[in-house]
1. I'm trying to understand the selection: among the residues of the stretch 418-432, which are in contact with a strand residue (DSSP E or B) (Cβ under 8 Å, 6 or more places away or on another chain) and under 29 Å from Gln266 (Cα atoms)?
2. Can you name every residue in the stretch 414-431 that is surrounded by fewer than 22 Cβ atoms within 10 Å (Cβ to Cβ) and under 23 Å from the mean Cα position of the chain (by Cα)?
3. Residues that are in contact (Cβ under 8 Å) with a residue 60 or more places away in the chain and under 30 Å from Trp86 (Cβ atoms), at least 1 per element: which strands (runs of 3 or more DSSP E) completely within the stretch 433-500 meet that?
4. Would you call Leu13 part of a helix (DSSP H, G or I), at pLDDT 90 or above and of a type in the set (A, V, I, L, M)?
5. Run Met114 past the list (1) over 13 Å from the mean Cα position of the chain (by Cα); (2) within 30 Å of Asp431 (Cβ to Cβ); (3) open to solvent by 40 Å² or more (accessible area, probe 1.4 Å) and report the number of the one that doesn't hold.
6. Take Arg152 and tell me if it is over 18 Å from the mean Cα position of the chain (by Cα), at pLDDT below 95 and open to solvent by 10 Å² or more (accessible area, probe 1.4 Å).
7. In the stretch 249-257, is there at least one residue being assigned to a helix (DSSP H, G or I), closer than 26 Å to Gly70 by Cα and of a type in the set (A, V, I, L, M)?
8. I need the full set of residues from the stretch 373-409 which are of a type in the set (Asp, Glu) and at negative phi, in order please.
Amino acid sequence: MRQQAVRVMWAKLRALERFRPLQLVTLTALLAAIGLLCFRHKLSVLGADIWWHLKVGDWIVQHGAFPHDGILSRTAAGRPWAAYSWGYEVLLSRAYAWFGLVGVGICGTALALMVAFSVFWMTRRLSGRFWLACLLAAVCCYAFLLLRIAPRPGFFSIAFFCVVLTLVLEANRTGRVQKLYWLPLVFLFWANLHIQFIYGLSVLGLLLAVNIAQQVGERIGIGPSYLVPRSLPTAQVAIVLVACVLATMIGPYSYHLYGVIFRYSQAKVPYTTVLELQPFRLRLYSNYAQLLLAGAAFLVVGWRKKVDLFKLSLLAITTIVAFRTMRDAWFQCVAAAACIADVAFQDSQSETRETPLQLGGVFAAVALLLLLGARSVDFNERGLFGAISSRFPVNAVDFLRRNPPPGPLWNIFDWGGFLSWYMPQYPVAIDGRTDLYGDELDKLFYQTEMGDASYRHDPYLNQSGVVLLRTRDGLVPLLEKDSRFDKVYEDKIASVFVRR
């Protein structure tokens, strides 16, 4: 009797697990929770780079063209530069023009929700299991999304990477190379929204390299029996890869985007001065979630009777990249979640996926919940501006507006983007576009900001009429003793010096 009761209870639990309304409510709750956290912490308006993206979008709309040099900057105005995230920048510009700061906040929150849903969609499609997909999406969002980075154009890269990885793993699993034929269209959009499309191309390149290696091994008779045999024709994979590369060149900057990628690959200074670009460290609980997710992926891939060389190589490469820089934690987490989901797939037990109508209902319910919850977390013009004022030198800039000194401006790296938006009458000395300024300028401004003895030889500081610093910066006490400058303003956030 007891065994029968247990079986009946287990059957009821299994039925409840497949109960679609419960699944839809759970998905709604997951997405709404992420949206409300974005509303509460107001990350959408706290990123240092958001504001120069906004101004670049304004410039594109106003001029009806695309910039090819360092607009907004006085120190790098003549240097070549590409607005490689122009699609995002135009969207952000229009959101602000139509809805003010609330538009910026909604735009950022929508990007975060897009990432969360993309991870869910990827793992749901690869595994065929709703609850596993929800769990993996929740762990991924905790590991790299929530409270880690402000919404930015890189969120498009995460979403597109989910799409690319899904199609690649499905094609590799089924042997249907036709699934890859959608990828050139994906890369066409991706390359006009963010520069990290190169990560997607690297996955395709890895797939091709593994296929070639296994094909060569088969021909010379050294293909190990413990490896999953290749399932895709090498020639067609190569053609898809070439088509994707060509698709990335369809845009205002064509092949010049690869020059930007090369310059980023050569940069060194940002990786020592920018916190999120520094190596992985176990400082937060989310770091442990990232580590456990990667470990679980290696375990499930390695535990199979036959090892999938592509998945194993993918996990190894993404782990190396993510451990090199904390900002790329998503690269490892998404790949790990995809591998876990793909291994968990069992065609005989795959559940029917949600219909477009059901997902539309989920999105509508999430929007309604966010609308109802916005007031309780002060997600409005006043609340967003208050958050900005707690992070950026709003009061100091207001003082300069009332008492405008002659320029030019010298500012710190972290505030350049904000100042290009809030104080556009002074072209900034530096901002977050490290590809524009290069290692030499980045290092010079960082050393001066820290109060290095070489500050007296900084040509840009010596030319400046107004200097805007964090009150805690090492340069502040030096300028207080410098006979060339007077301190005219100070608060808890900023100090302002003008030339005598």
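The values are calculated or read from the model by the stated rules, or taken from the named source; none is laboratory data. It should be emphasised that the depicted structure is a prediction, and the values quoted were computed from it without experimental measurement. With ideal geometry, Cβ positions are generated from the backbone for all residues, glycine too; neighbour counts draw on all protein chains shown. The accessibility values were calculated without ligands, DNA or RNA, using every heavy atom of the protein model including side chains. Shrake-Rupley method; radii C 1.70, N 1.55, O 1.52, S 1.80 Å.
1. If the condition is that a residue be in contact with a strand residue (DSSP E or B) (Cβ under 8 Å, 6 or more places away or on another chain) and under 29 Å from Gln266 (Cα atoms), then Leu419, Ser420, Pro427, Val428, Ala429, Ile430, Asp431 are the ones that fit.
2. If the condition is that a residue be surrounded by fewer than 22 Cβ atoms within 10 Å (Cβ to Cβ) and under 23 Å from the mean Cα position of the chain (by Cα), then Asp414, Trp421 are the ones that fit.
3. Of the strands (runs of 3 or more DSSP E) lying wholly inside the stretch 433-500, those with at least 1 residues that are in contact (Cβ under 8 Å) with a residue 60 or more places away in the chain and under 30 Å from Trp86 (Cβ atoms) span 466-470.
4. no
5. Result: Met114 fails condition (1) only.
6. When the stated conditions are applied, Arg152 does not pass them.
7. So far as the stretch 249-257 goes, yes, one or more of its residues are assigned to a helix (DSSP H, G or I), closer than 26 Å to Gly70 by Cα and of a type in the set (A, V, I, L, M).
8. Glu381, Asp398
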